[in-house]
Amino acid sequence: MSQTPPQQTLDSDDPTQSPDSHSSTLLHLSFNQDSGCFAAATDRGFRIYNCDPFREIFRRDFGPGGGVGVVHMLFRCNILAFVGGGSDPRYPPNKVMIWDDHESRCIGELSFRSEVKGVRLRRDRIVVVLAHKIFVYNLSDLKVLHQIETIANPKGLCELSHVSGSMVLVCPGLQKGQVRVEHYASKRTKFITAHDSRIASFALTHDGRLLATASSKGTLVRLFNTLDASLLQELRRGADRAEIYSLAFSPTAQWLAVSSDKGTVHVFNLKVPSAIDTPHSTSHPNPPAVSSLSFIKGVLPKYFSSEWSVAQFRLQEGLQYIVAFGHQKNTVVILGMDGSFYRCQFDSATGGEMTQLEYYNFLKAEETF
């Protein structure tokens, strides 16, 4: 295993990487850590895009036999991690390849006895997720620092905080519906019984203090304080079952976006940041959409006391979408596994249907950005 070099900023324009004429099949999408870029893994390689303004930064086309099943960026630097995938993978699916784009080659690899389900990066760590185990490595020398056993984790669920010096890792626990929180700075482990059914998705704030979780039922999203495992808020996506594809906090943790197979992206108003940062504060500038009946929620079913989304954006039902908040105020970026890129805006005062600002299909080679 070779040592990773210093991290530099990615070259944004490489004349040798012109768009090819071959159509590609999308296998995986991921935002980088600040949601300013995203990476797309295809059956021919991978591509990196800037979100605002939207444009393709570069692509690496390995041609036939170049399938990449998972790809993750490290902010905007030259280091990426990917795993082979698709019907004709570039590398075996049990290996994580660490790619230096300045050298256009792999500069390190991590091999496992089973298929890699997920990868997460931060400036000092690389985390690899297998079906029942998670490995935490030092990024500079690829030495293993920690191993965690989990319940079956086919989606490769795992999230990291990104504030330097205080890593928080969240992953499934050993029981259905349980989330494990590792506070590495204080060497503490917390177990949160978040749901009755299995965990389908979760998200962590950059500082690792807030955790949002959704179960395979997909009707409720719960918000927890990771320090004491307390439940802070309960959000209702809808009354019927749904598969939650992604959850995303806004940078200030005032909002949470949720995407599901129902084809609607929801934005919820979170009332917890002020409660955590200033314990004596009771007011909130944007009261959430709580049922007017919630004052007697001790008597009524939970359906009436959970909070509904303030803004929505409707998409094609059944397609897989991931969401993040844009860098412009009150904007959401939505990526679809059909190659769709949406930027939309919500009104923080009145809510309701979001306004579509932009749309692109980033898989179409003939489109120039």
Strands (runs of 3 or more DSSP E) enclosed by segment 22-87 - at least 3 residues per element that are out of contact with any helix residue (DSSP H, G or I) (no Cβ under 6 Å at 6 or more places or on another chain), of a type outside the set (A, V, I, L, M) and free of Cβ contacts under 8 Å to residues at least 60 places away in the same chain: 45-51, 54-61
Residue list for segment 132-143, filter: modelled with pLDDT under 95, under 16 Å from Lys95 (Cα atoms) and open to solvent by 30 Å² or more (accessible area, probe 1.4 Å): Lys143
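Here's the yes/no breakdown for (1) open to solvent by less than 20 Å² (accessible area, probe 1.4 Å); (2) more than 18 Å from Leu256 (Cα to Cα); (3) under 20 Å from the mean Cα position of the chain (by Cα):
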{"residue": "Glu109", "(1), (2), (3)": "no, yes, no"}
{"residue": "Lys117", "(1), (2), (3)": "no, yes, yes"}
{"residue": "Leu130", "(1), (2), (3)": "yes, yes, yes"}
{"residue": "Gln147", "(1), (2), (3)": "no, yes, no"}
{"residue": "Ser164", "(1), (2), (3)": "no, yes, yes"}
{"residue": "Glu182", "(1), (2), (3)": "yes, yes, yes"}
{"residue": "Ser197", "(1), (2), (3)": "no, yes, no"}
{"residue": "Ala203", "(1), (2), (3)": "yes, no, yes"}
{"residue": "Thr213", "(1), (2), (3)": "yes, no, yes"}
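Yes or no, residue by residue, for (1) closer than 21 Å to Arg343 by Cβ; (2) in contact with a His (Cβ under 7 Å, 6 or more places away or on another chain); (3) in a loop (DSSP other than H, G, I, E, B); (4) of a type in the set (S, T, N, Q):
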| position | (1), (2), (3), (4) |
| --- | --- |
| Lys217 | no, no, yes, no |
| Thr252 | yes, no, yes, yes |
| Ser259 | yes, no, no, yes |
| Phe268 | yes, no, no, no |
Unmet requirement for Gly208, which otherwise passes all of (1) in contact with a Ser or Thr (Cβ under 8 Å, 6 or more places away or on another chain); (2) assigned to a strand (DSSP E or B); (3) open to solvent by less than 50 Å² (accessible area, probe 1.4 Å): (2)
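Would you be able to say whether some residue in segment 111-129 is under 22 Å from Gln33 (Cβ atoms), touching a Phe, Trp or Tyr at 6+ places or on another chain (Cβ under 6 Å) and hydrophobic (A, V, I, L, M, F, W, C)? Show your work before the answer.
Within segment 111-129, the subset under 22 Å from Gln33 (Cβ atoms) is 116-129.
Subsequent filtering for residues that are touching a Phe, Trp or Tyr at 6+ places or on another chain (Cβ under 6 Å) retains 126, 128.
Imposing the further condition that a residue be hydrophobic (A, V, I, L, M, F, W, C) reduces the set to 126, 128.
Yes, the conditions are met somewhere in segment 111-129.
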Qualifying residue in segment 62-71 (condition: open to solvent by 10 Å² or more (accessible area, probe 1.4 Å) and under 20 Å from the mean Cα position of the chain (by Cα)): yes
Residue under evaluation Ala248, criteria (1) within 15 Å of the chain's Cα centre (by Cα); (2) surrounded by 24 or more Cβ atoms within 10 Å (Cβ to Cβ); (3) within 16 Å of Ile199 (Cα to Cα), criterion not met: (2)
Inter-residue pairs, beta-carbon under 7 Å, first farther than 16 Å from Gln312 by Cα and charged (D, E, K, R) and in segment 237-259, second at pLDDT below 90 and part of a strand (DSSP E or B), 6+ apart: Glu243/Ser260
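Restricting to segment 129-155, name every residue that is in contact with a strand residue (DSSP E or B) (Cβ under 7 Å, 6 or more places away or on another chain), among the hydrophobic types (A, V, I, L, M, F, W, C) and without any contact (Cβ under 8 Å) to a residue 24 or more places away in the chain. Spell out how you get there, then give the answer.
Here is the first cut: in segment 129-155, the residues in contact with a strand residue (DSSP E or B) (Cβ under 7 Å, 6 or more places away or on another chain) are 129, 132-139, 142-151, 153.
If we keep only those that are among the hydrophobic types (A, V, I, L, M, F, W, C) too, we end up with 129, 134-136, 139, 142, 144-145, 148, 151.
Correct list: Val144, Leu145.
Here's the yes/no breakdown for (1) more than 17 Å from Ile134 (Cα to Cα); (2) free of Cβ contacts under 8 Å to residues at least 40 places away in the same chain; (3) touching a Gly at 6+ places or on another chain (Cβ under 9 Å):
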| position | (1), (2), (3) |
| --- | --- |
| Leu157 | no, no, yes |
| Gly165 | yes, yes, no |
| Ser197 | yes, yes, yes |
| Gly208 | yes, no, no |
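The values are calculated or read from the model by the stated rules, or taken from the named source; none is laboratory data. Model, not experiment: these values are computed from the prediction. A quick note on method: Cβ atoms are made from the backbone with ideal geometry, for glycine too, and the neighbour counts reach across all protein chains shown. Heavy atoms of the whole protein, side chains included, go into the accessibility calculation; ligands, DNA and RNA do not. Shrake-Rupley method; radii C 1.70, N 1.55, O 1.52, S 1.80 Å.
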